[in-house]
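A short worksheet on the structure shown next.
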Amino acid sequence: MQRERKDGNPLNLPARCHYKHNAFWYIHALTGKWENLGTDIHHARHLAVHYNNDTPANHTMAWIIDDYLLHFEQLVKLKQKAARTLSDYQHYALPLKAHFGALNPEMIDAEQVKNYLDINQQLGRGVRANREKTLLGSVFAWLISTGGGNITVNPCTKIGGNKETPRVRYVSDLDYLAIYQLATPQVQLAMQLAYKTLQNPAEVLRIQRDAIQTDQGVHFIHLIHSKTNKALKIEIDKQLQQAIDNVLPATSTQHYLLASRLGTPYTPTGIAAMLHRYQKNGGIASFGLQDLKVKGALDLAQSGIAIETICDLLGHKSLAVTENFLKHHLNEN
């Protein structure tokens, strides 16, 4: 039974979680060790509840998936895994926990995994279910390697994923200009950033104002790639500078280059909806920021930019991957 707190617990913290010296701390029951949980109260509460439920009776898939994500978070801090992958996994974990969360790991077999894929294929989210299955397979592989569960076989190993058909939409210069002229300044800037930085839509929309820097009179955007952790310097040309100025006047104090009235970054779905509206009004076949990223890579290659530069911008592991990427999209178009 938890001892009554002297302060009455005004922050409503879970058992064994305390706020001291401007941080949240958890006292582990077995060792008495104090662990710094950081300064975010929501994150601290989540960790404390997770630790408090660390008993064999509570080791269902929901708890195990959360435990794997905490393990993965440590690998990100050690720069052994990418922060973008962790973010993706955190989203993939939600439907997995909703479907498998109440089960113990030894209760899940290959047939249940296949059934999960089939159900989601019928719901129109077959490709997303493939990504979720990848996470589930990683959780089981980790569980087996650490001996954390009463299992010896990964139920995901021999199960193929739902069929995926790559979406290819080459955006011509005419299509780009037609939509650009219809778009608001915010969407124009999003289009320019996707085309010129070659980053994924989520990263494009979270570029912060202080990413704009100057070196010997040359303005550029300084980014750290979410997959490779490489530093990128992308020169700001006249068109991009004009788009930035239209959205971000000198007197503005907003944190992100692209922010809503509340100061929060736009979401990929929000920008996609606006693009779709302009495309419908202009009679242009649908395209998104991801398609503009592909267009940017192809246009750089055709203009003679070194493949090493394109590889760094795309975050590919090798030049061979970039070569295949460019060949694939050039052949399709």
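Return the sequence-ordered ³J(HN,Hα) values of the stretch 299-312 in whole Hz as given by the Karplus equation 6.51 cos²θ - 1.76 cosθ + 1.60 applied to θ = phi - 60°, using x for Gly and Pro.
5, 5, 5, 6, 8, x, 5, 4, 5, 4, 5, 5, 4, 5
Charges at C-beta only: +1 for Lys and Arg, -1 for Asp and Glu. How large is the resulting dipole of the stretch 279-323 about its Cα centre, in Debye rounded to 20? Can you show the working numbers first?
Working: 4 positive and 5 negative charges, 49 e Å.
That gives a dipole near 240 debye.
As a test of the formula, what do you get for the chain when each DSSP H run with n ≥ 4 contributes -39,500 (n - 2.57) and the sum is divided by the residue count, at 222 nm and rounded to the nearest 500 deg cm²/dmol? Spell out each step's value before the answer.
On the way: 13 runs with 169 residues, N = 333.
My calculation for the chain gives -16000 deg cm²/dmol from helical runs alone.
Top mean-square fluctuation among 20, 114, 158, Gaussian network model of the chain, C-alpha springs under 10 Å?
Residue with maximal mean-square fluctuation among 20, 114, 158: 20.
With a Förster radius of 51 Å, plug the Cβ-Cβ distance of residue 29 and residue 88 into 1/(1 + (r/R0)^6) and report the FRET value to the nearest 0.05. Don't skip to the end; give the middle numbers.
Details: r = 33 Å, r/R0 = 0.65.
Efficiency for this residue pair is about 0.95.
Could you compute the net charge surrounding residue 51? Neighbours are other residues with a C-beta less than 13 Å from the C-beta of residue 51; K and R count +1, D and E count -1.
Working: positive: 16, 33, 45; negative: 35, 54, 66, 67.
So the surrounding residues net to -1.
Quick one: if the Förster radius is 41 Å, what FRET efficiency do residue 146 and residue 219 give, using the C-beta to C-beta distance and rounding to 0.05?
Values: r = 49 Å, r/R0 = 1.19.
Between residue 146 and residue 219 the formula returns 0.25.
Over the stretch 173-331, what is the mean sequence separation of C-alpha contacts under 8 Å (at least six apart), divided by residue count, expressed as relative contact order in percent?
That works out to 29 percent.
Give me the Kirkwood hydrodynamic radius of the chain in Å, from all C-alpha pairs, to one decimal place? Mind showing how you got there, number by number?
Values: mean 1/r = 0.0430 Å⁻¹.
It works out to 23.2 Å.
Once you keep just the Cα pairs under 8 angstrom separated by 6 or more residues, what percentage relative contact order results for the chain?
On the way: 374 pairs, mean separation 42.6, N = 333.
Relative contact order for the chain comes out at 13 percent.
Taking +1 at the Cβ of each Lys and Arg and -1 at the Cβ of each Asp and Glu, which of 47, 108, 204 sits farthest along the dipole of the chain towards its positive end, judged by Cα position relative to the Cα centre?
With unit charges placed on the Cβ atoms, the residue in question is 47.
Using label points projected 7 Å from each Cα along Cα→Cβ, tell me how many nm separate residue 276 and residue 111, to one decimal.
3.9
For the charge dipole of the stretch 164-295, defined by +1 on Lys and Arg C-beta atoms and -1 on Asp and Glu C-beta atoms about the Cα centroid, which residue among 240, 294, 273 has the Cα displaced farthest towards the positive pole?
Among 240, 294, 273, the one farthest towards the positive end of the dipole of the stretch 164-295 is 273.
Readers should treat all values here as calculations from the given coordinates under stated rules, not as data from a laboratory. Keep in mind that this is a model prediction, so the values were computed, not measured. Reconstructed Cβ throughout: ideal geometry from the backbone, glycine too, with neighbour counts over all protein chains shown.
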